[in-house]
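We did not get these values from a lab; they are worked out from the coordinates using the rules stated. These numbers were taken from a predicted model, which means no experiment stands behind them. Every residue, glycine among them, receives a Cβ derived from its backbone with ideal geometry; neighbour counts consider all protein chains shown.
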Amino acid sequence: MKVYYQNIEFWDLLSLPLYFILLYLILVSIAKAVLLEDRKFINVYFLALLLFYLFIGLVDFKVRLIPYFPDTNLFTKILETGVTPSNQSIGVKIGYKFLAIPIYWLSLKSIFNYFLFNVFFFQIGIIFLAGAFNRTYEIKDQLVQRFYLILALLMPSVIVYSFTPLRESYFVLALGLFFYGLTGKNRVNIFLILGVILAGILRIQLLLYFFIVYVLLLISKLSLSRKTLITIVIVSVPILFLGLNFLSTAILNIPISPKSLALFRNIQRMNYFESGVSYPEVFWENWFDLIVDFPGLFLQFLLAPFPVIIFIPFWTKLAYFADGVYLLVILTICLGSVKYIKGHGLWLMYILLYVGMSSFFEFHLLGAVRHRLPATLLILGLAAKGLSYYFTSYKWIFRF
C-alpha cells in the first residue's frame, strides 16, 4: 500500500462529501467568472469531472491505478510531520511547506480531501489558462472553450498528478494566474502578481520563463513595420541576453554559456543515473555544439517518453506512455488544423519557448513527462481551436 494511504480512517470518507460539495461550488463560481457564458455546461462539466476524479482516487486506493513516484515518500513525510529537510530546494522548503501543509491541515489531514484540493487547484489553473486563451484571441465561440476543458479532463498527466502529494497542481495554478493576468487590460494586476509570487516560491526557474513571455507580449503589442521590428530585435538581442544571463546567474546560479549548461545537466544526470532512464551526457564546448544538439533535445523533451536521441523501453511505464500517446494525438490535431490556427503565432511562441528552455536542462526521461505538463496545457488551446472548426457543422451535438 502507498505510504500516504496507510493512515486512512473511516471518518476520512465521512468528511469527503462535504469537501466535494464545497470545492465544486467554488470551482463553478470561478469558472463562471473567468470563462465565456456557458452556465449549464459549466455546472454539468465540473460535477462530472469531480465525480470522475473521485472514482479514480477510490479505485487507486484499492488497485494502485496511479504510479508511485520516487519523491512521494519525501513529500508525504513533509505533509505528515510539517518538517522540511534542510537539503531541499527553495521550492520545497518555502513553496511546498507554506502551501501544501496548510492545505493538508485544512483537509483535516485526510489524503482523500487533500487530493480533492489537488484536483481543485489543477482545475483553477486550467480555467485561467482557458480564459487567457479566450482573451488573447478574443474568442467568443463556446465550442473552443468546451473542447479545451474536455481535452484537459482527459489529459493523463493531470489525472496522475492530481493523486500524488507533489507540487504539479500548484505549478499549473501559478501558470494559469500568470497568463490570465498577462492578458488583462492592466499590464500589472493581481493575477499576474500572484502567478509570479507562486512561481518564485515553488519553482524559481519559472520566473525566467515568465520574464521572457512578458517581454514577447510587449513587443507584439508594438504597432511597427516588419523592418522596424526586425531592427529592434537585432539590437535588443545582446541586451536581452545580458539581462537573461544576469537573471539566470542570480536565480539559478547558472550563467548562460554552453559549458555551464552542460555541467549543470551532467551533474544532475549523475544523481539519477541508477534509475536507468537518464539521458546521455552532453559535451558543449561552444555555441555551435549546443546548436547542433538543440533539435534533438527539443524533440526529446516534447515527445517524452518516446526516445529520440536514446533508446529506453518506454512502454514499461504505462502512465508515461499514455501521456506520450495523448500528446501525439493533440499534436496531430494541431498539425491537421494549421490553416485554422496559423494566426496564433504568439501562443505558439509561448509553447516553443517553454519547450526550448526546458529541453536544455532536462536530463531524465520520466522527469521530462512531468515537466512538460505546462507546455501540453498551452498546446491544448491550439488543438481546441482546430477542433472547433472541424465540428462547426455539428454544434447541435453539443447544445444543452
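For the chain, averaging the sequence separation of C-alpha pairs within contact (under 8 Å, six or more residues apart) and dividing by the residue count gives a relative contact order of 17 percent.
Between PHE121, PHE46, PHE283, the Gaussian network model of the chain with springs among Cα atoms under 10 angstrom shows the greatest mean-square fluctuation at PHE283. Relative protection proxy for 205-217, 172-184, from highest mean packing down: 172-184, 205-217 (other beta-carbon atoms within 10 angstrom).
Name the residue, out of VAL158, VAL196, VAL44, whose mean-square fluctuation peaks in a Gaussian network model built on the chain with Cα pairs under 10 Å. Its mean-square fluctuation being the largest, the pick is VAL44.
Note on the chain: Cα Rg divided by 2.2 N^0.38 Å, N the number of residues, gives 0.99.
Report the local net charge at ILE330: Lys and Arg +1, Asp and Glu -1, summed over other residues whose C-beta lies under 15 Å from its C-beta. Charge balance near ILE330 sits at +1.
Between VAL325 and VAL292, the C-beta separation translates, for a Förster distance of 41 Å, into a calculated FRET efficiency of about 0.90.
Where only DSSP H runs of four or more residues are counted, the chain gives -23000 deg cm²/dmol as its mean residue ellipticity at 222 nm, each run worth -39500 (n - 2.57). Once you reduce the range 82-114 and the range 149-164 to the center of their Cα atoms, the two points are 22 Å from each other.
Put simply, the Cα atoms of the range 1-203 extend 48, 36, 26 Å along their principal axes, the longest span coming first.
Taking other C-beta atoms within 10 Å as the exposure proxy, ILE103, ILE127, ILE66 rank ILE103, ILE66, ILE127 from fewest upward.
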